[in-house]
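*Asks:* Please read through the structure below; I'll follow up with questions.
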Amino acid sequence: MVAASSIPGWKRGDGLLLVLTGAGISAESGIPTFRGAEGYWKVGSRNYRPMELATHEAFVAAPDDVWGWYLYRRAACRAARPNAAHLALAELERALGGDFLLVTQNVDGLHLRAGNTPERTYQIHGNIDFMRCSLECTAALAPIPSSFDFWEKGRSPSAAEKALLVCERCGAPSRPHVLWFDESYDEPRFRFTSSLAAIDRASMLVVVGTSGQTNLPNQICGVAARRRIPFVVVDPEPTPFSELALRVGGTFLRGAASDHVPKLATALVAPA
């Protein structure tokens, strides 16, 4: 059991609790990381790596192949279910209300399906359940139709299926609502400014299942370390973030998110 005393300097009522999550929390729900064998996508005789497919450049050059890969990824996400760690964070939001904020790198939508609210969940890499106009005639998001919930690996959408993946406003092709490797964070789509403002005023940071491969999470953890607010990292193995937390007097809970996060959430809302 995680005791409240193992989180020095923080108690309920101190202010904003900021939680940052990455792929590790969803891996426990069976979602592949797609950086291994599951991530490769064959086009003709060539296997493409995720970092080659997950770009705006690739989408412009081969939109059908990129859509096929993302529809396969989305099907894997739709088949997964929120685990105990997701559910515990939803309960934590319900307990803390406006003193809770979740920043997630995951595009799988599992936090929302677990019960976290869109208003208090910043999806900084997007959400694979949605699409938007590729020509940016509008910033509005549209849900990807449920007819795409099951998708075979290696298949690209047919002409009839592509007709469902268009912008309702202008008729242009839609694109997945995700942040690609050759794109930058912004505020309207990915809550960049809001995320940085949140760590500036947070009273505590909890990091679950991310090793710090992208810019915004690195900035969030760097600010937390400089401010020396209570800083807790949950991960099966040491990461740059766990090392950073320990250097500034924080806590590293080594192990599965589904084991540690429910206990941590209980401790955080316990009476002082």
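*Asks:* Can you pull out every residue in region 230-249 that is part of a loop (DSSP other than H, G, I, E, B) and either open to solvent by 20 Å² or more (accessible area, probe 1.4 Å) or touching a Lys or Arg at 6+ places or on another chain (Cβ under 9 Å) (or both)?
*Replies:* Pro230, Pro236, Glu237, Pro238, Val248, Gly249, listed by residue number.
*Asks:* Does Ala202 qualify as being modelled with pLDDT of 95 or more, open to solvent by 40 Å² or more (accessible area, probe 1.4 Å), within 26 Å of Gly15 (Cβ to Cβ) and of a type in the set (A, V, I, L, M, F, W, C)?
*Replies:* It is false that Ala202 is modelled with pLDDT of 95 or more, open to solvent by 40 Å² or more (accessible area, probe 1.4 Å), within 26 Å of Gly15 (Cβ to Cβ) and of a type in the set (A, V, I, L, M, F, W, C).
*Asks:* On the basis of being among the polar types (S, T, N, Q) and either open to solvent by 20 Å² or more (accessible area, probe 1.4 Å) or more than 30 Å from Pro157 (Cβ to Cβ) (or both), does Ser258 make the cut?
*Replies:* Against the criterion (among the polar types (S, T, N, Q) and either open to solvent by 20 Å² or more (accessible area, probe 1.4 Å) or more than 30 Å from Pro157 (Cβ to Cβ) (or both)), Ser258 qualifies.
*Asks:* Could you give me the residue pairs with C-beta distances under 6 Å whose first residue belongs to region 172-183 and is farther than 16 Å from Trp69 by Cβ and of a type outside the set (Val, Ile, Thr), whose second residue is open to solvent by less than 10 Å² (accessible area, probe 1.4 Å) and modelled with pLDDT of 95 or more wherever it lies, and which are 6+ apart or on separate chains?
*Replies:* Once the first residue is farther than 16 Å from Trp69 by Cβ and of a type outside the set (Val, Ile, Thr) and sits in region 172-183, its partners that are open to solvent by less than 10 Å² (accessible area, probe 1.4 Å) and modelled with pLDDT of 95 or more give Ala172/Cys133.
*Asks:* For a quick check of your reading: which strands (runs of 3 or more DSSP E) sit entirely within region 41-128 and have at least 2 residues that are crowded, with 20+ Cβ neighbours inside 10 Å and in contact (Cβ under 8 Å) with a residue 12 or more places away in the chain?
*Replies:* 100-104, 121-123
*Asks:* I'm trying to understand the selection: among the residues of region 172-204, which are part of a strand (DSSP E or B) and more than 16 Å from the chain's Cα centre (by Cα)?
*Replies:* Pro173, Ser174, Arg175, Met204 - these are the residues of region 172-204 that are part of a strand (DSSP E or B) and more than 16 Å from the chain's Cα centre (by Cα).
The values are calculated or read from the model by the stated rules, or taken from the named source; none is laboratory data. Please read all numbers here as calculations on a predicted model, not as lab measurements. When we count neighbours, we look across all protein chains shown, and the Cβ atoms used for this are built from the backbone with ideal geometry, even at glycine. Surface areas here come from the heavy atoms of the whole protein model, side chains and all, with no ligands, DNA or RNA. Shrake-Rupley method; radii C 1.70, N 1.55, O 1.52, S 1.80 Å.
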